[in-house]
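Please read the structure below before turning to the comments.
The values are calculated or read from the model by the stated rules, or taken from the named source; none is laboratory data. Being a predicted model, the structure only gives us computed values, none of them experimental. Please note: Cβ atoms are built from the backbone with ideal geometry, for glycine as well, and neighbour counts cover all protein chains shown. All accessible areas refer to the heavy atoms of the entire protein, side chains included, with ligands and DNA or RNA removed. Shrake-Rupley method; radii C 1.70, N 1.55, O 1.52, S 1.80 Å.
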Amino acid sequence: MMPDTSAYLEEPQGIKYKLALISGILFCLAISGVFIAQLGDVIDNFDKLSSNSIFVEVWPLTFSVPFIVAIFALLVAAFYLRLLGKMTNEKISAGFKAFFLLAAGLIISRVLFGVTASTYLENRGYSYCYDYSEHRAGTPDVWVKAAQYCVENSGIVSSETLAWISTQEKLGNNPTIIEIQEKVQYLMAEHADAMSL
């Protein structure tokens, strides 16, 4: 006799289990909110491009956000169904199929965005700056208006350098390549002094 895949699964009882599920739901919602909030930087980048800014920060997961949010929504639905005691093997199977489709969409959208963004920025005269791009998951890639703006071996002070450039541009100043190189040297000297203490 075939097992009934539409029968509700037996869930553990107790307040700890329910609190764990509620925590999982809140965590997934919070992470989804963070990803959605990151899309605000996309608008900021278009403003920077229109004003011919020295640098733009490109978040590699921009096109992938709908897929990421949908994956977290799947998890929320799974936690919620378990909380209500309404989870079935049929729903688990459908959830896994949806997950793999969304994961494939996430990977494809990430690759497409990488190619599209690179081509677009190169056509606008921007070049990728390895030294300013922090190579951690989820951090933006930095593109500069001219390759000379990307100071070699400046990764350790890249955040401070970009913050300084942004402040200067907001003040209506347009730092030269020499000024940026001098600022990087100053910040690196400050950093070296702090490390020697």
| request: Please check the chain for the longest run free of GluC sites (Glu not before Pro) that are loop-located per DSSP (anything but H, G, I, E, B) and have at most 10 other Cβ atoms within 10 Å. | output: 11-151
| message | Can you find, among Ser127, Pro66, Leu171, the residue sitting farthest towards the positive end of the charge dipole of the chain, where Lys and Arg contribute +1 and Asp and Glu -1 at Cβ? | response | Pro66
| request: Keeping the other protein chains in place, figure out the carbon and sulfur percent of the accessible area of the chain, with a 1.4 Å probe. | output: 66
| said: Could you report region 53-184's accessible area per residue, 1.4 Å probe, as an integer in Å²? | reply: 54
| remark: Among (1) -0.35, -0.72; (2) -0.53, -0.82; (3) -0.46, -0.74, the entry matching log10 I(q)/I(0) by the Debye sum over Cα atoms at q = 0.09, 0.13 Å⁻¹ as calculated here is (2)
| Considering the chain as a Gaussian network with a 10 Å cut-off on Cα pairs, which listed residue, Gly85, Gly14, Gly95, attains the greatest mean-square fluctuation? | Gly14
| query | Taking only pairs that are 8 or more places apart or on different chains, how many Lys pairs in the chain have Cα atoms under 20 angstrom apart? | reply | 9
| query | Simple spin-label model, 7 Å along Cα-to-Cβ: Glu10 to Ile177 in nm? | reply | 7.3
| query | Given the options Gln148, Gln168, Gln38, which has the most mean-square fluctuation in a GNM of the chain, springs set between C-alpha atoms less than 10 angstrom apart? | reply | Gln168
| request: Only Cα pairs under 8 Å and at least 6 apart count here; give the relative contact order of region 86-197 as a rounded whole percent. | output: 17
| Helix 89-123 versus the longest principal axis of the chain: what angle, 0 to 90°, nearest 10, using Cα atoms? | 10
| field | Computed magnitude of the charge dipole of the chain (debye, nearest 20; Cβ of K, R +1, Cβ of D, E -1) | value | 900
| request: Enumerate the calculated ³J(HN,Hα) couplings along region 78-83 in order (Karplus 6.51 cos²θ - 1.76 cosθ + 1.60, θ = phi - 60°), each rounded to whole Hz, writing x wherever the residue is Gly or Pro. | output: 5, 4, 5, 5, 5, 4
| Based solely on its DSSP helices, what 222 nm [θ] is calculated for the chain when runs of n ≥ 4 H residues each add -39,500 (n - 2.57) and the sum is averaged over all residues, nearest 500 deg cm²/dmol? | -21500 deg cm²/dmol
| Placing +1 at every Lys and Arg Cβ and -1 at every Asp and Glu Cβ, with all other atoms neutral, what dipole size does region 1-115 have around its Cα centre, in debye to the nearest 20? | 260
